[in-house]
Each structure stands twice: as C-alpha cells, then as structure tokens.
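Right, one structure below, let's go through it.
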Amino acid sequence: MNVNFEKLDNVNGVVTVAIEEKDYADKVSKQLKEIGKKHAEPGFRPGHVPAGLIAKKYGTAVKYDVINKEVADAVYNYIKENNLHVLGQPVPQSDNNFDIENKEFTFKFNVGLAPEIDNHVNKDLHVPYYTITVTDEMINEQVEGLRKRFGHQVPGEETEPNAVIKGAIAELNEDGSVKEGGVVVENGIIAPMHFKDEAQKKLFEGKKVGDVVVFNPSATCEGNAVEMSSMLNIDKEDVDAHKGDFNFEIKEIIVLKPAEFDQEFFDNAVGKDKAHNEEEFRAAIKELIALNFENDSNYRFTIDAKDAVEKAVGSLELPEALLKEFLVRQSEGINAENVDEEFGKMRGQLEWDLVRDNVAEKFEVKVNEEDVLDEARGVVARQLMQYGPNALSDQIIDKYAQEVMKDQKNREMLFQNALNRKVFEVIKENVTLDNKEVSVEEFRNLFIPAEA
C-alpha cells in the first residue's frame, strides 16, 4: 500500500492511497472463513458450507468492507504519524473510481489543514486585570447575614420584621363583631414577612403579646387558595366564603436572635478553627469575599484576554470549501442552502479553538486525570456551598466528583473546561497585566455593552 500527501496551498491538501490485492486479499479470505464457520446455508451445516459458495454469496461485500477499512486506517495513520493538523475529517473526492471487480484501487481524500498561527502571547501583549475592592460595608453585610442564618428563634416582646406570630384567629362580621359560627383557629401561625400586601404587613408592626389586630387573610396572599387554606385551616374549596376581615389575638411572638460571636458561630460560618475572635472572623469573611471576587476577576480576564489575543492574531485563513462540504455530509439540518449561514455562526468559535490549541502547544499545556477531577470537584463544591462550609469535606466532594466523572459527556465537558482554565493561566503568566482596582459597580459596568 502506498500513501502520499500533496499540499495544494496553505490550508488544503490531498492524501492519496494506492492499494493492491496483496494488501487486502488475506484479510478477505480470513473473514470469509469465519463466515463459513458460523453461517449455515440450505443443505449445509455451519462449518461445512463450501468455500466457493461462501465466496460467491459474501465475497463482494466482505471485499468492499475490508478495502474501506484498510484505506480509512491508512489515511488516519498517515495523518497521525506525519502530525498533519487536519480540520474536520478527510473528504473523499467525488471522482474516486471504485469498481469492486478491480484488484488495484486508488483513492484521493481532500483534507483541510490548520493555518499557521502566531498567537502573540508574550510580554508585549497587554491585558487589563480588574481587582474588586472589598469594603467594610460588604464585610458588615456578610457578617450580619451569617449571624441571622446561624441565629436562633426565641420568644420576643415585640414584633419585628422577621417575626413569626402565634395566636387565635377569629372571623368577623362586617360590623367588626366576632362572627357566630365563623372560622376560628385557636393556634394560628402567621409570618407577616411573607405577606404580599404591604398594608397588611404594617398592621403587625410594633405589636405585643395580648394585642388584637384586625387583618384580611385574603389580602395577605392575593386570595391564594392554598395559602388561605393553610392559614385558616379550611378546605381550599371554601376559601371564597371567607374573604372578609379576621381578628388576630397575639399570644406569642417568635423572633430571630442573631448568633453570638462565639466559637460555635465562627466554626459554622467559616469552618472549624478558621477564626477564634471577632477580629479574626471579620478577616476570614474579607478573605472569602476577596476569593469570590478573584473568581469574578479571573472570569473577566478570560474575556479580555481572549479579545486581546484574537485582535493580535487577526482573521485566520481556513479551508472553507472543504469544511462546508464536511458540515453538509455530517450535520443534520445543514444543507447547500444554509451551510454558508451556519458556517458563519461557528467560524468565530472554530478560530478561537485553533488559537487556544496553538497556545496550549506552544506552552506545553497538558490536561491529566487530576486536572479533570479538580474541575469535577469545583462543580460539586459550588453545588454543596448552599449547605454551609461543613458540607464541603474533601471526602464528600471527592465522592460526588467521581460520580460526576462517570458520565462521558460530563467528562468531555470537564476536560474542555480544564484545558480552557490552564490555557488562560499560561496566558495570564506570559502577557503583561494592566492591574486596575475597581468598585463592584465599576466592575459590573464592564459587562454592559457600549452604545454604538
């Protein structure tokens, strides 16, 4: 078998495969023998079918399959061994003459080649890097939020915005008197913070145990049958008959007492032994906020770095005709009528993928199993963050990360994420960073498209 390559221009070439009978005859014969061992024919048991009959019935199909496989393998191996950077897949030329009765065959395949790229990733390339300032206001807000989150419900003397109120609910007549035979709930519970009507919320502000408040349950929830049924302990089908006013006699007020600055709170909020007093706790909170902002800064850097590199590289020469032909052959829904439009949509991503891979090759970026596992750990950690720092043990994260990686689609996505992360890391190390400190508002404004 003879394989050779002819480069037509910067991004197009032809791979030619010449195959002779000696290259495939033994494999055809071997497959026919295997068929003879397993297949029965009328009048013959498996293993006793004459070779001539097997060859006559299956020979053409087997020869076709063997030649196709031999040629495909030859093209693949040539590309791999000669390190040709092929885009898409080789496309057989339409004028390939394939008469199965012949003994010798020649096949030609058009191949698209990746263009030569100068990625310009060096210290001459400047990329902005934004650091978000952590203010005392941010720290105070985070601290108070955590104190409420890890606080305790205790009896209160007066209602507060987040209070839960217990008491007796009684339905009223239009004149304000208690309705005989009306709805009565001796152990009613309400949480005005969840009322949808502001006027109804205000009715319960500054109230104490023993106070009686006239309110309208229907107005608190915009007549929602489920919520009224739960509040008044009646069937949903009956709520329309009870949309008037009710008394609420307050018997107990439950308020949220923020967590004290003690070791239990510090451990729950930022992790065991990460802080031992309020000063250390606030420092830990500042570090956590800064870490979150660093993630945001790095994300913004990927946008700016990609933009800077793409501008430096400029538009790439691509084997458009061949790539479009490949898309029509391989992609459902893409045809001769819409291939130009569809190719235009994906061209930008294709060019960036080529530049990214070029950067990876230049700086010898490798993605190993541990890198992929780290990506999976990050996915799991972000999902578990809502359950607090104590849910983020290494054992739990690793367990779920291994589960995530069992899915092949997940694994491929994680691999691409790891490659992107490592490529942007080497870009960050090898370009000149123009460091800029900004406020949260200024940082958010970076994502607002500039007016034309």
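The values are calculated or read from the model by the stated rules, or taken from the named source; none is laboratory data. The structure presented is a predicted model; accordingly, all values stated were derived computationally and were not measured. Please note: Cβ atoms are built from the backbone with ideal geometry, for glycine as well, and neighbour counts cover all protein chains shown. What goes into the accessible areas is simple: the full protein's heavy atoms, side chains included, and nothing from ligands, DNA or RNA. Shrake-Rupley method; radii C 1.70, N 1.55, O 1.52, S 1.80 Å.
Any chance the range 100-123 includes a residue that's closer than 30 Å to Thr432 by Cα, at pLDDT 95 or above and part of a strand (DSSP E or B)? So far as the range 100-123 goes, no, none of its residues is closer than 30 Å to Thr432 by Cα, at pLDDT 95 or above and part of a strand (DSSP E or B).
Quick one: in the range 184-199, of everything that is within 45 Å of the chain's Cα centre (by Cα) and of a type in the set (A, V, I, L, M), which residue is farthest from Thr159 (Cα to Cα)? Don't jump to the end; show me each part of the working.
Residues of the range 184-199 within 45 Å of the chain's Cα centre (by Cα): 188-199.
Restricting the remaining residues to those that are of a type in the set (A, V, I, L, M) gives 189-191, 193, 199.
Working: Ile189: 13, Ile190: 12, Ala191: 10, Met193: 11, Ala199: 16 Å.
Step by step, filter the range 184-199, then rank; the result is Ala199.
Sort out which residues of the range 43-80 are at positive phi and either in contact with a Gly (Cβ under 7 Å, 6 or more places away or on another chain) or open to solvent by less than 70 Å² (accessible area, probe 1.4 Å) (or both), and write them in order of number. The one that is at positive phi and either in contact with a Gly (Cβ under 7 Å, 6 or more places away or on another chain) or open to solvent by less than 70 Å² (accessible area, probe 1.4 Å) (or both): Gly47. For residues that are of a type in the set (Val, Ile, Thr), crowded, with 16+ Cβ neighbours inside 10 Å and under 19 Å from Leu172 (Cβ atoms), scanning just the range 200-228, find the one that is farthest from the chain's Cα centre (by Cα). So the residue we want is Val213.
Test Gln416 against the criterion of being polar (S, T, N, Q), assigned to a helix (DSSP H, G or I) and open to solvent by 70 Å² or more (accessible area, probe 1.4 Å), and give yes or no.
Details: polar (S, T, N, Q): yes; assigned to a helix (DSSP H, G or I): yes; open to solvent by 70 Å² or more (accessible area, probe 1.4 Å): no.
Answer is no for this residue.
Scan the range 78-93 for residues that are of a type outside the set (A, V, I, L, M), farther than 18 Å from Ala18 by Cα and touching a residue at least 12 places away in the same chain (Cβ under 8 Å) and the total you get is 3. If you go through the range 206-228 and keep only what is among the aliphatic types (A, V, I, L, M) and out of contact with any Ser or Thr (no Cβ under 9 Å at 6 or more places or on another chain), you end up with Val209, Val212, Val213, Val214, Ala219, Ala225, Val226. Can you pull out every residue in the range 174-199 that is part of a loop (DSSP other than H, G, I, E, B) and either open to solvent by 40 Å² or more (accessible area, probe 1.4 Å) or under 26 Å from Gly145 (Cα atoms) (or both)? Correct list: Glu174, Asp175, Gly176, Ser177, Lys179, Glu180, Gly181, Ala191, Phe195, Lys196, Asp197.
Count of the range 1-34 residues, restricted to those that are over 11 Å from Val111 (Cα atoms), of a type in the set (A, V, I, L, M, F, W, C) and open to solvent by less than 50 Å² (accessible area, probe 1.4 Å), is 7.
Just one of the numbered conditions (1) closer than 25 Å to Ala305 by Cα; (2) at pLDDT below 90; (3) not basic (Lys, Arg) is not true of Ser331; which one? Just one mismatch for Ser331, condition (1).
In the range 305-326, what residues are part of a helix (DSSP H, G or I), buried (at least 17 other Cβ atoms within 10 Å of the Cβ) and in contact (Cβ under 8 Å) with a residue 24 or more places away in the chain? Write out each step before concluding.
We begin by selecting, within the range 305-326, every residue part of a helix (DSSP H, G or I); these are 305-313, 320-326.
Subset that is buried (at least 17 other Cβ atoms within 10 Å of the Cβ): 305-306, 308-310, 313, 322-326.
Result: Ala305, Lys306, Ala308, Val309, Glu310, Val313, Leu322, Leu323, Glu325, Phe326.
Scanning the range 1-43 for residues that are closer than 26 Å to Ile117 by Cβ and in a loop (DSSP other than H, G, I, E, B) yields Leu8, Asp9, Asn10, Val11. Looking only at residues in the range 338-356 that are touching a residue at least 12 places away in the same chain (Cβ under 8 Å) and open to solvent by 40 Å² or more (accessible area, probe 1.4 Å), the one that is farthest from the chain's Cα centre (by Cα) is Asp340. The residue pairs whose first member lies in the range 147-173 and is in a strand (DSSP E or B), whose second member is of a type in the set (Asp, Glu) and loosely packed, with under 13 Cβ neighbours inside 10 Å, and whose beta carbons are closer than 7 Å, counting only pairs six or more residues apart or on different chains, are Ala168/Glu186. Of all residues in the range 292-304, those that are closer than 10 Å to Phe424 by Cβ have Cβ atoms under 6 Å from Cβ atoms of residues that are open to solvent by less than 40 Å² (accessible area, probe 1.4 Å) and part of a helix (DSSP H, G or I), 6 or more apart or on another chain, in Thr302/Phe424.
Yes or no, residue by residue, for (1) under 21 Å from Phe98 (Cβ atoms); (2) among the aliphatic types (A, V, I, L, M); (3) at pLDDT 95 or above:
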| position | (1), (2), (3) |
| --- | --- |
| Asn10 | no, no, no |
| Gln31 | yes, no, no |
| Ile35 | no, yes, no |
| Ala40 | no, yes, no |
| Phe44 | no, no, no |
| His48 | no, no, no |
| Gly52 | no, no, no |
| Gly59 | yes, no, no |
| Tyr64 | yes, no, no |
